[in-house]
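Worksheet: the structure to be examined is printed underneath.
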Amino acid sequence: MTKQVNDPGSDPGGDLAGKHVVLGLSGGIACYKAAELCRALIKEGATVQVVMTEAAEQFITAVTLQALSGRSVYTSQWDSREANNMAHINLSREADAILVAPCSADFMAKLLHGGADDLLSLMCLARPIDKVPLLLAPAMNRQMWAHPATQRNMAQLQADGATILGVGTGFQACGETGDGRMLEPPELLEDIVAFFTPKLLAGQQVLVTAGPTYEAIDPVRGITNLSSGKMGFAMARAAREAGAQVTLVAGPVSLPTPRGVTRIDVKSAQNMLEAVLEKAPAATVFIATAAVADWRPASAAERKIKKDGSGQAPRLSFTENPDILATLAQSPRARTGELLCVGFAAESHDLEGNAQAKRQRKGVPLLVGNIGPATFGRDDNALLLVDAQGSRELPRASKLRLARQLVADIAGRLK
Ligand code: CTP
């Protein structure tokens, strides 16, 4: 068998380009999600070989998965298409990973005991354990998931080297609500991309601020800005992919939390500072992407400010907000190098000059400059990395790609 590289719709520059994934389906209603997962893996550039158990075929047809993967599906260990009649050996030797999604309770139990009476379990057992990782996406009823037998099996499978991707929570096909759903395809995709990412930030605790802040004028109005939070969320995701423990302190934005990231939602600059100060003692890297409001109304009115009929606008007075980045950069841990502080700067002109001046003013070793009006709300950006040695450009790319490059740069500075 040769690896097919021109699968339909595959992105050669995607996050999984060059990876060959064997996608195993065991029996469960979540098989319907596996079709979308297969598509998503291919879109990111992977080639996908599907293997199904007999039980999986009760839920979805091999025809669907063949059409989506562009390869005929394997369902039997007796498949005569293989010249040596050893599909379990051939399929597992060419895989970069085997992903079982959905992985039923029964299939977990079988894997645990080294059962091998169908192609999928046989292939998992026959895989070279040190070369071909096994990733499992469990899917089952909440009682089955919570059962001591399943939990015991999961712990032992982990001890045996499998990676358990976790389960989702919510409404289940059986009508009950709880833990045990298979993760959604975009969540699984994020986990698989992270799995393949080199762990440049292993052991690091990364604290990120993101989004705008909201400074209340009265209970219904406030001052905010156009920051979308996308760059900060991309930084959090990239840091987690690289193996860091990540806490994301987010101003008011409606972006989904990156997988595996702890999120703290805040509103005002003051709230953001408090959250950051609470988490800072454990952090080894602080990345300030938030567009913090420089000023807040000196005192927010308790009731909505009404027009008084005079035609005069109300007079507002302002107080300067704390500078979160400068506060951390001046802390003893930052000064001794235990905490690496990275700032961002949204400028409108003379990016290099302004960014270099801001870097020195804030006292940070690395400041990342960008042209604010050209990036707010967009999915792409161009960055200028400014440090004591000078500057380096990261040309226009998606915010996630830039975030990954920045993570690599930061990892280099930690050495
Ligand atoms: N920052 C912060 N707290 C503030 C203001 C800014 O932590 N109160 C951080 C931002 O998250 C960013 C960096 O400082 O990492 C620079 O933010 P920016 O708004 O560009 O700079 P300002 O200090 O507000 O300077 P100016 O408005 O004069 O350009």
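Here is the figure for segment 16-38: residues that are in a helix (DSSP H, G or I) and without any contact (Cβ under 8 Å) to a residue 60 or more places away in the chain total 3.
Restricting attention to segment 251-293 and to residues that are assigned to a loop (DSSP other than H, G, I, E, B) and of a type in the set (D, E, K, R), the residue that is nearest to the ligand (Cβ to nearest atom) turns out to be Lys267.
Return the residues of segment 116-164 that are basic (Lys, Arg) and either open to solvent by less than 30 Å² (accessible area, probe 1.4 Å) or under 26 Å from the mean Cα position of the chain (by Cα) (or both); say none if nothing qualifies. Give the derivation first.
First, pick out the residues of segment 116-164 that are basic (Lys, Arg): 127, 131, 142, 152.
Within segment 116-164, Arg127, Lys131, Arg142 qualify.
The numbered conditions (1) under 21 Å from Met235 (Cα atoms); (2) crowded, with 16+ Cβ neighbours inside 10 Å are all true for Arg333 except (1). None of Leu414, Leu402 is in contact (Cβ under 8 Å) with a residue 12 or more places away in the chain and either closer than 13 Å to Ala288 by Cβ or surrounded by 14 or more Cβ atoms within 10 Å (Cβ to Cβ) (or both) except Leu402.
Restricting attention to segment 353-366, the residues being in a loop (DSSP other than H, G, I, E, B) and more than 9 Å from the ligand (Cβ to nearest atom) number 2.
Within segment 65-78, if we keep just the residues that are touching a strand residue (DSSP E or B) at 6+ places or on another chain (Cβ under 6 Å) and not in a loop (DSSP other than H, G, I, E, B), the residue that is farthest from Ala34 (Cα to Cα) turns out to be Tyr74. Count of segment 269-293 residues, restricted to those that are open to solvent by 50 Å² or more (accessible area, probe 1.4 Å) and over 24 Å from Gly412 (Cα atoms), is 5. Of the candidates Ala388, Ala403, Ala357, Ala346, the single residue that is under 21 Å from the mean Cα position of the chain (by Cα) and either of a type in the set (Gly, Ala, Ser) or on the phi < 0 side of the Ramachandran plot (or both) is Ala403. Taking into account only those residues within segment 294-309 that are within 13 Å of the ligand (Cβ to nearest atom) and among the charged types (D, E, K, R), which is most open to solvent (accessible area, probe 1.4 Å)? Among those that are within 13 Å of the ligand (Cβ to nearest atom) and among the charged types (D, E, K, R), it is Asp294. The condition (being modelled with pLDDT of 95 or more and farther than 19 Å from Ala236 by Cβ) is satisfied by just one residue among Ala283, Ala275, Ala293: Ala293.
Residue-level analysis places Asp265 outside the set of residues that are over 28 Å from the mean Cα position of the chain (by Cα) and among the charged types (D, E, K, R).
Which one of the conditions (1) within 16 Å of the chain's Cα centre (by Cα); (2) near the ligand (Cβ under 10 Å from one of its atoms) does Leu248 fail to meet, given that it meets all the rest? Leu248 satisfies every listed condition except (2). Looking across Ala46, Ala97, Ala101, one residue alone is touching a Phe, Trp or Tyr at 6+ places or on another chain (Cβ under 9 Å), surrounded by 15 or more Cβ atoms within 10 Å (Cβ to Cβ) and of a type in the set (Gly, Ala, Ser). It is Ala97. A single member of Val386, Val342 is open to solvent by less than 30 Å² (accessible area, probe 1.4 Å) and more than 19 Å from Ser227 (Cβ to Cβ), and it is Val386. For segment 367-405, a residue qualifies if it is in a helix (DSSP H, G or I) and within 13 Å of the ligand (Cβ to nearest atom), and the qualifying residues are Gly372, Pro373. Check every one of the helices (runs of 4 or more DSSP H) wholly within segment 79-164 and list those with 2 or more residues that are assigned by TED's automatic domain parsing to the domain that holds Met52 and more than 20 Å from Val48 (Cβ to Cβ). Hits in segment 79-164: 105-112, 142-146, 148-159.
Number of residues in segment 195-234 that are of a type in the set (Gly, Ala, Ser) and either outside the structural domain of Ala345 (by TED's automatic domain parsing) or in a loop (DSSP other than H, G, I, E, B) (or both) equals 6. Every condition in (1) without any contact (Cβ under 8 Å) to a residue 60 or more places away in the chain; (2) among the acidic types (Asp, Glu); (3) under 28 Å from Val386 (Cα atoms) is met by Asp308 except one, and the failing one is (3).
Quickly run through segment 330-352 and pick out the residues that are part of a helix (DSSP H, G or I) and either within 12 Å of the ligand (Cβ to nearest atom) or closer than 15 Å to Ala280 by Cβ (or both). First the steps, then the outcome.
Of the residues in segment 330-352, the ones part of a helix (DSSP H, G or I) are 332-335, 351-352.
Hits for segment 330-352 are Pro332, Arg333, Ala334, Arg335, Leu351.
The values are calculated or read from the model by the stated rules, or taken from the named source; none is laboratory data. Quantities reported herein were computed from a predicted structural model and do not represent experimental measurements. Backbone-built Cβ (ideal geometry, glycine too); neighbour counts: all protein chains shown. In case anyone asks, the SASA skips ligands and DNA or RNA and just uses the protein heavy atoms, side chains included. Shrake-Rupley method; radii C 1.70, N 1.55, O 1.52, S 1.80 Å.
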